[in-house]
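Each value in this text was obtained by applying a stated rule to the coordinates, not by laboratory testing. In this text, all values refer to a predicted model and were calculated from it rather than measured experimentally. A quick note on method: Cβ atoms are made from the backbone with ideal geometry, for glycine too, and the neighbour counts reach across all protein chains shown.
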Amino acid sequence: MRNKQLLLFGAAALACALLGLILIGLRGRPKGLPFLAEEQPAPKAAEAKTPAAAAAGGENPWRNEPAREPAVAGRFYPGDKAALTDMLQGFLDKAGGERVERLRGLVCPHAGYEYSGQTAAFSYKQAQGRDYRTVIVMAPSHHSLFEGAYIAPVCGYKTPLGLVPLSPLAAKLAAQAPFKSQPPFQMARPTRAARPDQFEHALEVQVPFLQHVLKDFTLVPIVFGEVEPAAVAKALLPFLDEQTLVVASSDLSHFHTDVEARALDSACIKAICDLDAESLREQEACGKAPILALVELARQKGWKTRLLDSRNSSAVTGDKSNVVGYSAIAFFERGGAAMGSSSANGKGAPNGVGAANGKGGRFNADERQWMLKLARNTLNEVVGRRNMPQIAEKEAPETLRADGACFVTLTIGGDLRGCIGHIVAVEPLYKAVADNARSAAVEDYRFNPVQPEELKKIHIEISVLSKPEPLAFSSPEDLLKKLQPNKDGVVLKVGGRGATFLPQVWEKLPDKVDFLNHLSQKAGMPAAAWREPGTQVSIYHVEAFEEERN
């Protein structure tokens, strides 16, 4: 059994390390703006300490131990401080997307920065400038087999950017199951390693990003051995607070063709974003155990998820025959992001609820055309050049500078290719159009990211939403009577779950019962859940317009 484990373990180690160590090294470092330190928020007034704050306070009992030295600097990322800072800032400058509030966790890749650094930047851009005092990084082991989850007894972690001290919480956790800080370990490679973390790149590569985006924090570094992720989550749960960030380090599928990898990675990303631990256990990801622990924390804490970026190594190497997949995913508390920042259409997006040159509505033909051109330009830049265009407020028509909610729908030949948006206004409408165009192209977990060769085939439709209004009803039958097909967009909430369909979906699902059944299922509930007591429904209307069809 042990030999079999070592063989499987060696394959996983080779898979995750190969890009950083064997392929082509660090070539062509992106140049960015000089790093500017973020101001730290003012200290809070004294208050009763939470278990997390109490554990994080005091001194690290390992403070006199040697620091963990960088093992992959110069290979997975630049060993020179200036070059590393330049590279990190270059990645962050290109990372866009809507900023979530109350960020609690991240999934980040761990290949060499040349390959996965841009995807990681989408995650760490979310953390930039926030007031985290403790960061828990969970990583898989590529070099040793052992039972439990290992925390190194060191004073801190060194990188070319300096020393990150260990949190006092690290020693506290190491003294209890399922954690450990002492042998036995069975080392696979390099044989000179004395501890599981000594040459572990999956944890180390997260630290420079954290140093770059956070001003002052302490680290809890956890390397997973043979351990049940739920046990790790249970032990961490009492120590989580608003000043604690949890990072799960993982790449996705390894060494498949581009087509195969996209299918595998989409399934894995969907399982993560749905917090579906059972499905996730069947997916391919080298850091599956750390992700499962984060998913369990999210389920216990009621966190939500958002896909920030996904791609594979072919975006850098051009080789689609043998790729490794990466994703960036945010975990946040409910209420911490725009309500309904998710897909809104059913299986397809119907045509013609208003054209760009249509009459009537809130916006004139020029304003509609401006928004469609903005969405198209964003799509071309994000997909074709991996760059999020920046629009100055003065460039937008005045009517589009006010906060507004919208969805952007992408179709190819009438079939849905992506649809993302907000139900309530969280930013100026022109920004919402650009952000949702990008998200529909690369963040709708139901689909692989849009590829450059698809751009000419894609058709864009924009739906600008009115403010959702609660719909009063006395029974399921009364609800059916009050709904207006082809006019009402519907927001359904039952307990802690919810989903929405745009008015356009009525064309695909004209029967009211069928419409609500599908909407319930979209929210992850049984089809008849909308009939349950306590169900809440809000309705909204849209002004929809689309590109002219060739």
Kirkwood Rh (inverse of mean 1/r, distinct Cα pairs), the range 365-463, angstrom | 13.4
Remind me, relative contact order of the range 469-540 in percent, using alpha carbon pairs under 8 angstrom and six or more residues apart?
-> 41
For the pair Glu101 and Leu471, the simple spin-label estimate (label points 7 Å beyond Cα toward Cβ) gives in nm 2.8
Treating every alpha carbon of the range 469-540 as one equal point scatterer without solvent, the Debye formula yields log10 I(q)/I(0) values at q = 0.20, 0.22, 0.24 Å⁻¹ of -0.74, -0.91, -1.12
Ala328 neighbourhood, Cβ < 14 Å, K/R = +1, D/E = -1, net charge +2
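How big, in percent, is the set of alpha carbon pairs in the range 93-189 lying more than 15 Å apart?
More than 15 Å apart: 72 percent of the Cα pairs in the range 93-189.
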Quick one: putting +1 on the C-beta of Lys and Arg, -1 on the C-beta of Asp and Glu, what dipole do you get for the range 365-463 around its Cα centre, in Debye to the nearest 20?
-> 280
Spin-label model distance (nm) - Gln182 vs Gln390, 7 Å beyond Cα toward Cβ = 5.4
Of Ile412, Tyr445, Leu429, farthest towards positive along the dipole that unit charges on Lys, Arg, Asp, Glu beta carbons give the range 365-463 | Ile412
Would you calculate the separation in nanometres between label points at Glu532 and Gln300, each defined as 7 Å from the Cα along the Cα-to-beta-carbon direction?
-> 2.4
Rank-order 68-81, 172-185 by packing density, defined as the average count of other C-beta atoms within 10 Å over each peptide's residues, highest first.
-> 68-81, 172-185
When the Karplus curve 6.51 cos²θ - 1.76 cosθ + 1.60 is applied with θ = phi - 60°, which whole-Hz ³J(HN,Hα) does each residue of the range 271-283 get, with x for Gly and Pro?
-> 4, 5, 5, 7, 6, 9, 5, 4, 5, 4, 4, 8, 8
Cross-link list Lys81/Lys304; Lys270/Lys508; Lys304/Lys467; Lys94/Lys456: which exceed 26 angstrom alpha carbon to alpha carbon?
-> Lys81/Lys304
Residues whose placed amide H lies under 5 Å from that of His256, excluding near-sequence neighbours = Val323
